[in-house]
Amino acid sequence: MSHATESKFQNTTGHVWDDDLQEYNNPLPAWWLWTFYATIIFALIYWFMYPSWPVGKGFLTGTNTIEYVNDKGEKKVSHWNTRALLMQDMNEAAAKQKPYFDKVAATPFDKINADPELKGFIVSAGKVLFQDNCAACHQSGGQGKFGFAPNLTDDDWLYGGSYDKIQETITNGRHGIMPAKGGNASLTDAQVTALANYVLSLSGEQMDAAKVQQGDELFHGAGACFGCHGADGKGNQAIGSANLTDKIWLWANVPGAKTADEKVAAVKAVINSGLNKGVMPAWKGRLSDEQIKLLAVYVHELGGGK
Amino acid sequence: MFKHDSIEKNVGLMMVLMMLAISVGGLVEIIPLFFINDTIEKVDGVRPYTPLELRGRDIYVREGCFLCHSQMIRPFRDEQLRYGHYSLAAESQYDHPFQWGSKRTGPDLARVGKKYSNEWQVAHLMDPQSMVPESVMPHYGFLEKTPLDYSDVGDRMAALRLTGVPYSSNQAEYDSNVKQFGEDVAKMLDIRNAQKNLVDQAQNGFGGAPGNYDGDASNITEMDALVAYLQVLGTMVDFKKYDNDQFVKYR
């Protein structure tokens, strides 16, 4: 490598490497240079207006401020930051929604249908809330999920389908429990088979008459099934025990069974193991009272409200 | 006095100077955070994970959940409405490494705890499409079949203790945890009883939640641990106790 001599060209750095390798030293384009200076000026203004440099145990908060109202109704002024900005944003949205939410809170359930505008708000806002919070289990149309979460669009309700009951269910959650063999562990396999036959006969299935007879006696006797499901097998909404006389099944896969034996096996499986699922979480900590009321109306209007 | 020439001709020197120049940007942003008061919000309730939750968290990291799920609710209205209160720095103070993530193929999980039942979490992990038909999440059914290896959970806690997580390894540290977190929690943070506590939580639950997270009481699986972890996410701080602008002043 030779660090040779002077350049033969104008506007170079003046060095020549390897005989003829040179470097131009042209000025930067004016537009670029001025943009560069402009960004520096922008930064200086930004430092002045927004939180920027750390100073000691704090930082320069900038001159820009944000006004908002907190949930106690106190007016506050804060230096610019995203959390204050959120407060302001929520304030504005809340102000726009307030007339509607006030109306939701003030209108008793049975009067809501008389107000089409309010109803429209509830159905559209309820749909959004439902998709965010309920659809994971009850599915996006409220059709429920077999073996998991009940259908909300039919008129069969475990805990009651009135506005108040739906509201109560959403607020506090539910937890369905059926003890294995109804709590009577001494039931034999033949007895459980008889019970399954009887339970299936309740919803109109043609079953073996002798077994149905035996199951009937167990249901109202040693099995003590009537304690929860009622003497007529129609369930009790106060404790969420299922109505066994309709053809709606949530836990026993009767609809999926092809033969009578499969149906009996499906019901037997539930009787034998009992149920300790069907947990619906309580939503009172996550949703506001108005949101829950809104959802109660939405669910009620899905088709099956009573 | 340096000449530009001499830097360019000395690769070692140039590398050192380049590294210094590049680090300035990072250092200017990071170092002040150690000195500014109030970077971490003062809230009650945030505690280190119990041994079972910790193993669940390890599985979360192992399976790469963070690649599709963030755990960082930003202070925007749409996120607040969908996911809940924005995440606080204080809430991930015991997370090493934190799971904030930067990609949301799936939803944010920062406050997924207690939103769904254990049963839902298990069914969803086994076959996500059975619960959410439009989901693209892979199946994690094998977690249910894989027994949880918790033989080294004490070592894992001890390692986190080195990074400043207050797991206790002696009586003095235990006593200080009792003062800070209360006795029930302090017992769970004791490295000396880690395995026993893990088994106890898996069978009997902890903090009001029933145990047996995967619905199969016969064994402790990775599913138990992961569900226990998911169910505690974002539930430690009770935001009802604070004004809704309580945390504005920390920014």
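The values are calculated or read from the model by the stated rules, or taken from the named source; none is laboratory data. Quantities reported herein were computed from a predicted structural model and do not represent experimental measurements. Virtual Cβ from ideal backbone geometry, glycine too; neighbours counted across all protein chains shown. Surface accessibility is based on the protein's heavy atoms, side chains included, excluding ligands, DNA and RNA. Shrake-Rupley method; radii C 1.70, N 1.55, O 1.52, S 1.80 Å.
Against the definition (within 14 Å of chain B (Cβ to nearest Cβ) and among the aliphatic types (A, V, I, L, M)), how does A:Ala125 come out, yes or no? It is true that A:Ala125 is within 14 Å of chain B (Cβ to nearest Cβ) and among the aliphatic types (A, V, I, L, M). Scanning the range A:209-230 for residues that are open to solvent by 40 Å² or more (accessible area, probe 1.4 Å) and within 23 Å of A:Ser186 (Cβ to Cβ) turns up A:Ala210, A:Lys211, A:Gln213, A:Gln214, A:Asp216, A:Glu217, A:His220, A:Ala222, A:Ala224, A:Phe226, A:Gly227, A:Cys228. Specify which of the listed residues (A:Ala180, A:Ala196) is in contact with a Ser or Thr (Cβ under 9 Å, 6 or more places away or on another chain) and in contact (Cβ under 8 Å) with a residue 12 or more places away in the chain. Testing whether each residue is in contact with a Ser or Thr (Cβ under 9 Å, 6 or more places away or on another chain) and in contact (Cβ under 8 Å) with a residue 12 or more places away in the chain leaves just A:Ala180.
Checking B:Asp175, B:Asp200 one by one, the residue that is without any contact (Cβ under 8 Å) to a residue 12 or more places away in the chain, more than 14 Å from chain A (Cβ to nearest Cβ), assigned to a helix (DSSP H, G or I) and within 18 Å of B:Glu53 (Cβ to Cβ) is B:Asp200 and no other.
Residue by residue, here is whether (1) farther than 15 Å from A:Asn151 by Cα; (2) not aromatic (Phe, Trp, Tyr) holds:
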site	(1), (2)
A:Asn236	yes, yes
A:Lys263	yes, yes
A:Trp283	yes, no
A:Lys306	no, yes
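For the structure I just gave you, tell me whether A:Gly233 is in the same structural domain as A:Tyr159 (by TED's automatic domain parsing), closer than 18 Å to A:Leu158 by Cα and crowded, with 20+ Cβ neighbours inside 10 Å.
yes
Every test in (1) open to solvent by 30 Å² or more (accessible area, probe 1.4 Å); (2) of a type in the set (A, V, I, L, M); (3) farther than 28 Å from A:Gln206 by Cα; (4) touching a Gly at 6+ places or on another chain (Cβ under 6 Å) is passed by A:Ala242 save one, and that test is (3).
Table: residues versus (1) among the charged types (D, E, K, R); (2) under 21 Å from the mean Cα position of the chain (by Cα); (3) not in a loop (DSSP other than H, G, I, E, B).
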site: A:Leu244; (1), (2), (3): no, no, no
site: A:Lys247; (1), (2), (3): yes, no, no
site: A:Trp251; (1), (2), (3): no, no, no
site: A:Ala257; (1), (2), (3): no, no, no
site: A:Glu262; (1), (2), (3): yes, no, yes
site: A:Ala282; (1), (2), (3): no, yes, no
site: A:Gly285; (1), (2), (3): no, yes, no
site: A:Glu290; (1), (2), (3): yes, yes, yes
site: A:Ala296; (1), (2), (3): no, yes, yes
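Where helices (runs of 4 or more DSSP H) sit wholly within the range B:1-110, those with at least 1 residues that are buried (at least 16 other Cβ atoms within 10 Å of the Cβ) occupy B:51-62, B:77-83. Regarding the range A:152-166, can at least one residue be identified that is touching an Asp or Glu at 6+ places or on another chain (Cβ under 9 Å), within 26 Å of A:Pro281 (Cβ to Cβ) and free of Cβ contacts under 8 Å to residues at least 24 places away in the same chain? Taking every residue of the range A:152-166 in turn, none turns out to be touching an Asp or Glu at 6+ places or on another chain (Cβ under 9 Å), within 26 Å of A:Pro281 (Cβ to Cβ) and free of Cβ contacts under 8 Å to residues at least 24 places away in the same chain. Within the range B:203-230, being within 14 Å of chain A (Cβ to nearest Cβ) and either at pLDDT below 95 or in contact with a strand residue (DSSP E or B) (Cβ under 6 Å, 6 or more places away or on another chain) (or both) holds for B:Gly205, B:Gly208, B:Ala209, B:Pro210, B:Gly211, B:Asn212, B:Tyr213, B:Asp214, B:Gly215, B:Asp216, B:Ala217, B:Ser218.
If you filter the range A:20-49 down to residues that are within 14 Å of chain B (Cβ to nearest Cβ) and part of a helix (DSSP H, G or I), you find that the one that is nearest to B:Pro32 (Cα to Cα) is A:Trp47. When the range A:107-147 is filtered for residues that are out of contact with any Lys or Arg (no Cβ under 7 Å at 6 or more places or on another chain) and open to solvent by 80 Å² or more (accessible area, probe 1.4 Å), the ones remaining, listed by number, are A:Asp110, A:Lys111, A:Ala114, A:Pro116, A:Glu117, A:Lys127, A:Val128, A:Gln143, A:Phe146. Considering the range A:210-224, the residues that are at pLDDT below 90 and of a type in the set (A, V, I, L, M, F, W, C) include one that is nearest to the chain's Cα centre (by Cα), namely A:Ala224. Of everything in the range B:111-120 that's more than 22 Å from B:Glu91 (Cα to Cα) and open to solvent by less than 20 Å² (accessible area, probe 1.4 Å), which residue is farthest from the other protein chains (Cβ to nearest Cβ)? Selected residue: B:Trp120. Counting just the residues of the range B:64-85 that are in contact (Cβ under 8 Å) with a residue 24 or more places away in the chain and in contact with a Leu (Cβ under 8 Å, 6 or more places away or on another chain), which one comes out nearest to the other protein chains (Cβ to nearest Cβ)? Across the range B:64-85, the extreme among qualifying residues is B:His69. When A:Ser140, A:Ser162 are screened for being of a type in the set (S, T, N, Q) and more than 14 Å from chain B (Cβ to nearest Cβ), only A:Ser162 passes.
Looking at A:Ala194, is it of a type in the set (A, V, I, L, M, F, W, C), surrounded by fewer than 20 Cβ atoms within 10 Å (Cβ to Cβ) and assigned to a helix (DSSP H, G or I)?
no
Taking the criterion of being assigned to a loop (DSSP other than H, G, I, E, B), open to solvent by less than 40 Å² (accessible area, probe 1.4 Å) and facing chain B (nearest Cβ under 9 Å), the residues of the range A:50-98 that qualify are A:Asn70, A:Asn81. Note on the range B:208-229: among residues that are assigned to a loop (DSSP other than H, G, I, E, B), closer than 15 Å to B:Glu53 by Cβ and small (Gly, Ala, Ser), the one that is least open to solvent (accessible area, probe 1.4 Å) is B:Gly211.
B:His124 satisfies every condition listed in (1) assigned to a loop (DSSP other than H, G, I, E, B); (2) within 14 Å of chain A (Cβ to nearest Cβ); (3) buried (at least 19 other Cβ atoms within 10 Å of the Cβ) except (1).
If you go through the range B:74-127 and keep only what is within 23 Å of A:Leu287 (Cα to Cα) and of a type in the set (S, T, N, Q), you end up with B:Gln80, B:Ser87, B:Ser117, B:Asn118, B:Gln121.
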